Amino acid sequence: MSIDLAMMDTVQNGTPILRLYEWDIPTLSLGKFQNLDEINVDYLKKMGFGLVRRPSGGRAVLHYDELTYAVAVPESMMPKSIIKTYLEISKALVKGLNAIGLNCEIAKEHVKERYTKFAACFATTSLHEITIDSKKFIGSAQTRRNGVVLQHGSIPMKCHFNEYANSFKTTQEQVKILAKRLEKSTTCVSKHVNVGIEDVKNAVINGFCSVFGAEFVPFYEEIDWKKHVMDVKIWD
């Protein structure tokens, strides 16, 4: 998360950055304004999971067997509207992922039960997020500062409904309800195609190249991510 923030500093010079990464350990990320009291910290520690705070808003995401994407781009290169920017980035993701057999679609409306009592991002689907067979597939969040847009999101390779549901501080009955809801309303790569994470990475890059007419080159410039550690850190 601190690297995502540091990307925003670098992009102020004008060159967009696409970052694709995995996680060393399963980690729950909270939205910028989300209350820590909603989280079952004891469970996360018992499981050896990490916990961070995103610079973007939204609800908690369990990053576990997934590919995370992050796009940092000058605001001048994107629509002024947050929703329209979501749409353009979703078009790129869908274009690439469809090419490897994932029948992705862009949600045309919010689900009827958009705001729920659950603190899990994947419990609901929002406008312009990506679905497969009407199930939420990619959860994304966006923030803007100093003339730069950062959007990042979770592309799950495998589903971990029980671990995700147990990450929240609630009754065991509510944990079971949330796990069942997640199983019914969300999906992941492995449920649809037999591909590896490198295939998904290449698909995302190809999608961005196609939709934005971009040419990607490896990024070797040093970025100062350490100065942002305290912005995202919750525990040692």
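Readers should treat all values here as calculations from the given coordinates under stated rules, not as data from a laboratory. All of these numbers come straight from a predicted model, not from anything done at the bench. When we count neighbours, we look across all protein chains shown, and the Cβ atoms used for this are built from the backbone with ideal geometry, even at glycine.
Length gained on full extension, ARG144 to THR15: 44.9 nm, using 0.36 nm per residue less the C-alpha separation. How many angstrom separate the Cα center of segment 59-103 from the Cα center of segment 171-236? First find each Cα centre; the distance between them is then 9 Å.
Ranked by the mean number of other Cβ atoms within 10 Å of their residues, highest first, the peptides 178-186, 2-10, 88-96 fall in the order 88-96, 2-10, 178-186. Here the Gaussian network model covers the chain, with springs between Cα atoms less than 10 Å apart; of LEU18, LEU51, LEU36, LEU36 fluctuates the most. Of the residues ARG53, ARG19, ARG145, the one that moves most in a GNM of the chain with alpha-carbon contacts below 10 Å is ARG145. Over the chain, the fraction of Cα-Cα pairs per 5 Å bin, rounded to whole percents and listed from the shortest bin up, is 1, 6, 14, 19, 21, 18, 12, 6, 2, 0, 0. GNM on the chain, alpha-carbon springs under 10 angstrom: the most fluctuating residue among SER76, SER154, SER210 is SER76.
Under 15 Å from a label point set 7 Å out along the Cα-to-Cβ vector of LYS45, the amide N atoms of segment 195-236 belong to 234-236. In the chain, the DSSP beta bridges split such that about 85 percent are antiparallel, to the nearest 5.
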